[in-house]
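**Student:** To start, I am sharing the structure in question, which I have written as structure tokens.
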Amino acid sequence: MKILLASPHGFCAGVVMAIECLEKAIELYGTPIFVFHEIVHNKLVVEGFRRRGVVFVENIDDVPEGNHLLYSAHGVSPEIRRQAHARRLKTIDATCPLVSKVHLEAVRFAAAEYTVIFIGHDGHDEAVGTLGEAPKQMCLVETVDDVDRVEVDDPKKVAYLTQTTLSVDDANRIIEQLKQRFPQIVGPHKQDICYATQNRQDAVKALIPEADIVLVLGSRNSSNSNRLAEIAEEAGKPAYLIDNAQEIDPDWLNSDATVLVTAGASAPEAVVVDCLEHLKKNYGAVVERRPLREEHARFQLPVELRRDTGISSNESSKTRFTDERLANNPIGSFGRNEAPISTRSDR
Ligand code: SF4
């Protein structure tokens, strides 16, 4: 068996930051500590924190008044922030800055009286949070067919935004359809699909012609992990989304197979290592690492935690945005929760 290990794979900068936030919050404030939604969409990560006394809630009313509450990496709507404020909760915002950037774009388009068409997945935490920024002026499309059903007040004042974890190809197909229907539609200056999602998809696409099957480490509710499996299936290769090596069915594999292994942005490296060890031990697999691109992006902890940990602004300014794609993204030159927006449709 040959393993092609796609790279980049696994944790992105937003997931690293969100997990660091929760670790730091446990250290500072103790447990129980509350998190609105799963901190990241990974079953093993969430179960690990739950065992340590973290309580994941879907409803603000489930958090006792005055307690600490973290917002997950996927972000929340203003209404959730309002409810938390009303309960006098001490909130810590672990929203990925690249999700916050899309929120800000939604706010700015809505303030300029655009109808904002959000391309995303219905019910996904990130989509719910972003749509909540301007619920009366935003609508959701999931597919090319959905575009024909959209109703807008003024076809000349329409904008689109996307969830950060979509398939790049699917999103482009939907955007093309939107441009056909609304020729004057405007969009973000740069792609909203984040550097990590794009890099993981590109790495799979580069290796897929050589693979017989694909194993994607990630949880069922992880959007970007599902997209990796879909890319493999669209290329005609069987793909399996698994939380860990124990879920591998021996019927999927044989000793002559070339297996592409990758991991979604919320899957810990430990499960990737376990998976490789399992395949080496049981199938004599040899691992070939094929890095496509390097990532060096890091996001700073939110201000609430920096204040309580005494991290100076000098230290926080060491945060780097040096990933090749991220460096070209305007968010890189702006602070947390602050990003520029263009009303030109330039993609
Ligand atoms: S996948 Fe992208 S948007 Fe989501 S947390 Fe990671 S870096 Fe942020």
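The numbers here are math on the coordinates, done by the rules we state, and not lab data. From a predicted model like this one, the values you see are computed outputs, not experimental measurements. Every residue, glycine among them, receives a Cβ derived from its backbone with ideal geometry; neighbour counts consider all protein chains shown.
**Student:** Can you put Asp170, Asp145 in order, fewest other beta carbons within 10 Å first?
**Tutor:** Starting with the residue having the fewest Cβ neighbours, the order is Asp145, Asp170.
**Student:** When only DSSP loop residues count, what GluC sites (Glu not before Pro) in region 139-206 have their Cβ near at most 11 other Cβ atoms within 10 Å? Please report the intermediate quantities before stating the final value.
**Tutor:** Details: sites: Glu142, Glu151, Glu176; in loops: Glu142, Glu151.
The qualifying sites are Glu151.
**Student:** Test of understanding: ordering Tyr114, Tyr160 by Cβ neighbours within 10 Å, fewest first, what list do you get?
**Tutor:** Numbers: Tyr114 23, Tyr160 26.
Ordered by Cβ neighbours within 10 Å, fewest first: Tyr114, Tyr160.
**Student:** What value, in deg cm²/dmol to 500, does the helix sum -39500 (n - 2.57) over DSSP H runs of n ≥ 4 give at 222 nm once divided by the residues of the chain? Intermediate results must be reported in sequence, preceding the final value.
**Tutor:** On the way: 13 runs with 132 residues, N = 347.
Value at 222 nm, helices only: -11000 deg cm²/dmol.
**Student:** Which lysines have a Cα lying under 30 Å from the Cα of Lys280, excluding residues fewer than 8 positions away in the same chain?
**Tutor:** Output for Lys280: Lys2, Lys43, Lys205, Lys237.
**Student:** Additional query: Hey, in the GNM for the chain with a 10 angstrom Cα cutoff, which one of Val273, Val46, Val186 fluctuates hardest?
**Tutor:** Val273
**Student:** Sort Lys101, Lys281 so that the residue with the fewest other Cβ atoms within 10 Å of its own Cβ comes first and the one with the most comes last. Don't skip to the answer; put the middle values down first.
**Tutor:** Working: Lys101 26, Lys281 10.
Ranked by crowding around the Cβ, least crowded first: Lys281, Lys101.
**Student:** Given an 8 Å cut-off on Cα distances and at least 6 residues of separation, report the relative contact order of the chain as a percent.
**Tutor:** Working: 670 pairs, mean separation 85.4, N = 347.
Rounded, it is 25 percent for the chain.
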